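The values are calculated or read from the model by the stated rules, or taken from the named source; none is laboratory data. None of these values were measured; they are calculated from a predicted model. Backbone-built Cβ (ideal geometry, glycine too); neighbour counts: all protein chains shown. For the accessible areas, the whole protein counts, side chains as well, though only heavy atoms, and no ligand, DNA or RNA atoms are used. Shrake-Rupley method; radii C 1.70, N 1.55, O 1.52, S 1.80 Å.
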Amino acid sequence: MDYPKTSLVAKGLLALAETGSTNQDLLAQAASNQHPQFFTLITEFQTAGRGRLDRKWQAAPGSSVMASVLLRPSFKNDSAIGWLSLMMAEAIKSALAEVGIESKIKWPNDVLVKGQKISGILAEANSDLSAVVVGFGINVNQTAQDLPTGSATSLLVEGATSLDRDSLLAQTLSGFQQLYLDFVEAGGDAVSSGLRARIIESSATIGELVEVLFPDGSSAVGEAIGIDESGRLQVLSATKTLTVSAGDVLHLRTAKRED
Ligand code: BT5
């Protein structure tokens, strides 16, 4: 497939018919060559698409948008890096609105339509943070039967006004570049750049009763009450306010679809 609109927006574009993982490829390439910031790698099919914590991202050939964008951040602090998945989620949310789909952001890296996952984002950095890759998948023309889990959805299932993957990707990249440039101009400060306010406005998680599953296997239940200046989720449990920088979040009240 050709991506004429995306080519105009990306600062260099490589489109592969098939690969293992666009994130893995772009991280490897970033170390050894001179791809500029916003260089974008896309593919029609991944044989080893990855999510967080060794999980898999699955989509049949040609059914979705799968792309990774290269950043060369001038800031080297982890907290600024922590905002990048949420920033991409916000750009995807805006692009989905252009095709008539209202969505919300589930902290830390999902875009949901009526509680179902339409997009997942994975930001990965090399060890000195000189290159960061922000990868994302957006489900486009899968039928309900094609989707890998019962909690997934696609633009087709949701009745979007267009299933044009080139337009969707171009719109997403353009929105992301603008958010990123504003963030860099603010020195990686999500509060003064306005990013934090936008993410809070778009959040499906804030106000929810959530169960947080921490990477060490422990968990906690409480109400998600905010996102701090470093992009961490604030959860009010029975005994204290927790600040969560990594982990999975289950929305306990939205198990059902609100059709
Ligand atoms: C994510 O991880 O949601 C991040 C996914 C990032 C995928 C992109 S595609 C381009 C780039 N290259 C890569 O190799 N990866 C990135 P996580 O929050 O861990 O969620 C993973 C879980 O989402 C899986 O365990 C499944 O339950 C579910 N899942 C897998 N494929 C899905 C799909 N197509 N739609 C919705 N959910 C899916």
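Being open to solvent by 20 Å² or more (accessible area, probe 1.4 Å) and at pLDDT below 95 is the filter; apply it to segment 125-166 and report the residue that is farthest from the ligand (Cβ to nearest atom). This residue is D128. I'd like to verify a number: residues in segment 150-205 that are assigned to a loop (DSSP other than H, G, I, E, B) and acidic (D, E), how many? The qualifying residues number 2.
Applying a threshold of 6 Å to beta carbon distances and a minimum spacing of six or more residues, or different chains, the list of pairs starting in segment 45-63 at a residue that is closer than 19 Å to M1 by Cβ and among the hydrophobic types (A, V, I, L, M, F, W, C) and ending at one that is part of a loop (DSSP other than H, G, I, E, B) and open to solvent by 90 Å² or more (accessible area, probe 1.4 Å) reads F45/E18; F45/P61. Please verify whether Q34 is of a type outside the set (K, R), in a loop (DSSP other than H, G, I, E, B) and at pLDDT below 95, treating the condition exactly as stated. Yes: the conditions hold for Q34.
Pairing residues of segment 110-121 that are of a type in the set (S, T, Y) with residues that are in a strand (DSSP E or B), at Cβ distances under 8 Å and at least 6 apart in sequence or on separate chains, gives S119/D110; S119/V111; S119/F136; S119/G137; S119/I138; S119/N139.
Residues in segment 54-79 that are more than 25 Å from A144 (Cβ to Cβ), of a type in the set (S, T, N, Q) and within 9 Å of the ligand (Cβ to nearest atom): S68 only.
How many residues does segment 1-39 contain that are within 20 Å of the chain's Cα centre (by Cα) and at positive phi? Residues that pass the stated criteria total 1.
The test for being under 23 Å from S7 (Cα atoms) and either near the ligand (Cβ under 10 Å from one of its atoms) or assigned by TED's automatic domain parsing to the domain that holds T40 (or both) holds for T172. Against the list (1) charged (D, E, K, R); (2) touching a helix residue (DSSP H, G or I) at 6+ places or on another chain (Cβ under 7 Å); (3) part of a loop (DSSP other than H, G, I, E, B), the condition D128 fails is (2). Restricting segment 218-253 to residues that are small (G, A, S) and open to solvent by 70 Å² or more (accessible area, probe 1.4 Å), the residue that is nearest to K104 (Cα to Cα) is S245.
Only residues that are in contact with a helix residue (DSSP H, G or I) (Cβ under 9 Å, 6 or more places away or on another chain), near the ligand (Cβ under 10 Å from one of its atoms) and open to solvent by 40 Å² or more (accessible area, probe 1.4 Å) were counted in segment 15-53, giving 2.
Just one of the numbered conditions (1) touching a strand residue (DSSP E or B) at 6+ places or on another chain (Cβ under 7 Å); (2) at pLDDT below 95; (3) under 24 Å from N77 (Cα atoms) is not true of L173: (2).
For beta carbons closer than 8 Å, sequence separation of 6+ or different chains, a first residue in segment 211-225 that is within 15 Å of H251 (Cα to Cα) and a second that is surrounded by 13 or more Cβ atoms within 10 Å (Cβ to Cβ) and acidic (D, E), the qualifying pairs are V212/D248; L213/D248; S219/E211; A220/E211; V221/E211; E223/E208; A224/E208.
Quick one: in segment 97-124, of everything that is outside any strand (DSSP E or B), over 19 Å from A224 (Cα atoms) and open to solvent by 40 Å² or more (accessible area, probe 1.4 Å), which residue is nearest to the ligand (Cβ to nearest atom)? In this case the residue turns out to be E102. Restricting the first member to segment 25-39 and to residues that are in the same structural domain as L179 (by TED's automatic domain parsing) and over 17 Å from L173 (Cβ atoms), and the second to residues that are open to solvent by 40 Å² or more (accessible area, probe 1.4 Å) and of a type in the set (D, E, K, R), the beta-carbon pairs closer than 7 Å and six or more apart or on different chains are L27/E124.
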